[in-house]
2 protein chains.
Amino acid sequence: MSASVSARIDEIQRQAAQASDLIPLAGGLPDARFFPKRHLGDAFHSALTRPRQALQYGWPEGEPELRDWVAARLRTRGADLGPEHVVITNGAQQAISLSAEVLFAEGNTVGLQAESYPGAIDILRALGLRFVSWRMPAHGYYLMPAMANPRGTAMSDDQRAQILERAGREGTPLIEDDAYAELTFDGQTARPLVADAPESVVHIGTMSKVLCPGLRVGWLATRHPELKSIVAKKQQLDLQAGSLTQRILIEYLKGDHYEGHLTRIRRAYARKAKLLRNAVLRNLPGFSVGEPRGGFSLWLEHKEPRFAAFDVPFLAAAIEAGVSFDPGSSFRINGNGRLSLRLCHSGVREEDIEPGVERLARAFQQVSLKLSAA
Amino acid sequence: MSASVSARIDEIQRQAAQASDLIPLAGGLPDARFFPKRHLGDAFHSALTRPRQALQYGWPEGEPELRDWVAARLRTRGADLGPEHVVITNGAQQAISLSAEVLFAEGNTVGLQAESYPGAIDILRALGLRFVSWRMPAHGYYLMPAMANPRGTAMSDDQRAQILERAGREGTPLIEDDAYAELTFDGQTARPLVADAPESVVHIGTMSKVLCPGLRVGWLATRHPELKSIVAKKQQLDLQAGSLTQRILIEYLKGDHYEGHLTRIRRAYARKAKLLRNAVLRNLPGFSVGEPRGGFSLWLEHKEPRFAAFDVPFLAAAIEAGVSFDPGSSFRINGNGRLSLRLCHSGVREEDIEPGVERLARAFQQVSLKLSAA
């Protein structure tokens, strides 16, 4: 997607965000109704009993107790990592931008899945990297192996073996974005690639999807020899992640509510995903629809190639009809000749899902009529 | 200072931070006893009544109400700026790194004061810039005009006129780091340079020194035409500043405690600065001592050139004696043939100031005896 189309989409979405009656099927926001407000409140109180830790400067690599927690959790998933391999960042976004800047050089090729997180594409493009398919040899990789955004699927065992051949045996650096890995509908969390290639994989996680984005707490974990440079870069960029939000999180995690919370939101998101998929199957018959195993979204592609370049007019018509979506082109480094879109069930109320998809269907009908008339 | 000396100093300071009986005259940390814990607690409660704003994603440029507050405050200091000219960042450090990356290009010259904030020197060096005196023509400038770190002094009217000639009339980009501007002992806050050259000066402020660093809330404010690129870069790096900490700050500022807090801490820091200066005059007669008008620190230079290269052994001896300081070389792009150091009164208890300086004097005596013997 070109920068000007991207800016135009951004502008439309921003204007749409002001409309109070809009049904938001865009954005990938977690459901604010699921935020553990009361337990975070309790955690804040505990945090303030240690003002020196909660409100003072901290280390660039983050709070030791939180790094401990991250490492311990990754060990339960098979990775041999300690707190010394973990850096706390401002969300996953900063973990990606830091790693990419340190590991990749201008002009390098970087292997991606056919669809990827737009925030990562943005970073990689700004670094002057050239995009190739992850199936090709490349200087480095950016992947979401456990739970891909936007498709909500995991890499197969064969695919994992193929990429581990490069990252593990050949030592090619690989950024493993695991933002959605815990959000499987069945609660099964895949073994992270960093477990099998700890010195070339930089593993990335975040609390933004499972807890809430407003804390801005993410992390990276790796035995990559460049870890020290990543910490130095982090210090240069903004000294450290927020002491207060890290401390709130540490206190929250001590409280033993996290697993129960995960179980509850997995179930709730699974239900919303199903409602959305059924609504799409009923109302948008021209589109083929994925079957996500987790995450926040559904990936749609129109079966007929003639709609390929219609995502911006479709988006404008949808917003006009009172519903938003994310144009598929934002997720793609190359078009594949199909109109595609990401619909998110995560941020919308259950009762708004069906009406939202109906509005979308009406908007699409209008656009396709105009196209046929033209 | 070379990177290896810098790493060595960092290592010594880190080890020292573990020692419980160390008197910390290093680091520039604000006094944790001054953090408005109770009012921040109240603000957090108000923040949690709006979980959608406090815990959800926000805009890359920051929360509108906080941007309003920053702009309004700068208007009281003479700058014609609105919220649309303000970006909220993770502390002043990120505001500096973002501005420098967007405004300066590799190989450019950048004009600095004789001593500067080491975090900024780090950023500018990593960008491949060449340092010159701010009195010389340069591609850009990084200055602390209102309250310089480490000297605690303001630029004179003549100096301001000289730099405004370049930034204002010639349009040379200038990063104005105003982190300590509100921390004058007499409560008089200087007119910011951005008031006189809003399109070339990027003004930077932070809550880290006046409130607490753990929130990680800073900002930049400017009418520079590259503001849009700065916001795009911010979004790429980490999406946005923390929603929760911004919301806590907004609620705190609504509470009308800020001016009273500022008055109290100005008085308290003024008293500590005086205690420190008197202790230095009594115990370290070989050093010339500045007379700060605000800020967290005192700048010392030894009168005799023969001690010039002794800051690392002096630091090691001081830590051994139970006191830390910041070697002057960290603040300098070029040595001037004098042993120099920054002493901070901010993070230390009043009753520890005199004993701390006495330990420092003993350590210096040891080092100078060794030097004479060698």
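What does the structure give for A:116-123 when I average, per residue, the other chain Cβ atoms found within 10 Å of the residue Cβ?
Working: counts 0, 0, 0, 4, 1, 0, 3, 3.
Going residue by residue through A:116-123 and averaging, the value is 1.
Relative to the longest principal axis of the Cα atoms of chain A, helix A:227-238 runs at roughly 70 degrees. Per-residue shielding of A:213-223, expressed as the average number of other chain Cβ atoms within 10 Å of the residue Cβ, stands at 4.
Each Lys or Arg adds one and each Asp or Glu subtracts one; over the other residues with Cβ under 9 Å from the Cβ of B:PRO192, this totals -1. Shielding by partners for peptide A:35-48, expressed as the average number of C-beta atoms from other protein chains within 10 Å of each residue's C-beta, is 3.
Using only Cα atoms, locate the centre of the stretch A:76-141 and the centre of the stretch B:335-374, then give the distance between them in Å, rounded to an integer. Comparing the Cα centres of the stretch A:76-141 and the stretch B:335-374, I get a distance of 46 Å.
The C-alpha atoms of chain B define a longest principal axis, and helix B:243-254 lies at about 90 degrees to it. PRE reach from B:ALA114 (point 7 Å along Cα→Cβ): which of the stretch B:330-367 fall under 18 Å by backbone N? Answer for the stretch B:330-367: B:330-343.
Between the beta carbons of B:ASP157 and B:GLU65, assuming R0 = 35 Å, the FRET efficiency works out to 0.50 to the nearest 0.05.
Which length gain, in nm to one decimal place, applies between B:VAL289 and B:ALA72 when the Cα-Cα distance is subtracted from 0.36 nm times their residue separation? Provide the component values of the computation, followed by the final result.
Values: separation 217, 0.36 × 217 = 78.12 nm, distance 3.69 nm.
Answer, rounded to one decimal: 74.4 nm.
Toward the positive end of the charge dipole of the protein assembly as shown, with +1 on the Cβ of Lys and Arg and -1 on the Cβ of Asp and Glu, the farthest Cα among A:LEU81, B:PRO285, A:THR245 is that of A:THR245. Per residue, the convex hull spanned by the Cα atoms of the protein assembly as shown amounts to 159 cubic angstrom. What FRET efficiency do you get for A:LEU281 and A:LYS254 if R0 is 60 Å and r is their Cβ-Cβ distance, rounded to the nearest 0.05? Efficiency, from the Cβ-Cβ distance: 0.85. Distance between the pseudo-spin-label points of B:GLU304 and A:LYS37 (7 Å out from Cα toward the beta carbon): 6.8 nm.
Tell me: how much accessible area in total is hidden between B and A, 1.4 Å probe, Å², nearest 100? The partial results should precede the final answer.
Working: alone 16550 and 16540 Å², together 28810 Å².
Buried: approximately 4300 Å² between A and B.
Label-to-label distances for A:GLY260 across copies, nearest first, come out at 4.0 nm, using points 7 Å from Cα in the beta-carbon direction.
Note that chain B presents 39 Å² accessible area per residue, ligands and nucleic acids not counted, probe 1.4 Å.
Identify the trypsin sites (Lys or Arg not before Pro) of the stretch B:187-224 meeting these criteria: DSSP loop state and at most 16 other C-beta atoms within 10 Å of the C-beta.
Values: sites: B:LYS209, B:ARG216, B:ARG223; in loops: B:LYS209, B:ARG216, B:ARG223.
Listed in order of number, the matching sites amount to none.
The simple Förster model, with R0 at 60 Å and r as the Cβ-Cβ distance, assigns A:ASN334 and B:GLU320 a FRET efficiency of 0.45.
Cross-linked pairs A:LYS37/A:LYS209; B:LYS37/B:LYS209; B:LYS209/B:LYS303: Cα-Cα separations exceed 22 Å for B:LYS209/B:LYS303. The sum of -39500 (n - 2.57) across all DSSP H runs of n ≥ 4, divided by the residue count of chain A, sets its helix-only mean residue ellipticity at 222 nm to -13500 deg cm²/dmol. Here is the list for the stretch A:285-354: trypsin sites (Lys or Arg not before Pro) lying in DSSP coil, each with at most 11 other C-beta atoms within 10 angstrom of its C-beta, are A:LYS303.
Counting other Cβ atoms within 10 Å, which chymotrypsin sites (Phe, Trp or Tyr not before Pro) in the stretch A:211-258 have at most 11 and lie in a DSSP loop?
Details: sites: A:TRP219, A:TYR252, A:TYR258; in loops: none.
Answer by residue number: there is no such site.
Taking the protein heavy atoms of the protein assembly as shown in the context of the full set of protein chains, the accessible area attributed to carbon and sulfur is 49 percent at 1.4 Å.
The values are calculated or read from the model by the stated rules, or taken from the named source; none is laboratory data. Here the structure is a predicted model, which means the values were calculated and not measured. Cβ: placed from backbone, ideal geometry, glycine included. Neighbour counts: every protein chain shown. For the accessible areas, the whole protein counts, side chains as well, though only heavy atoms, and no ligand, DNA or RNA atoms are used. Shrake-Rupley method; radii C 1.70, N 1.55, O 1.52, S 1.80 Å.
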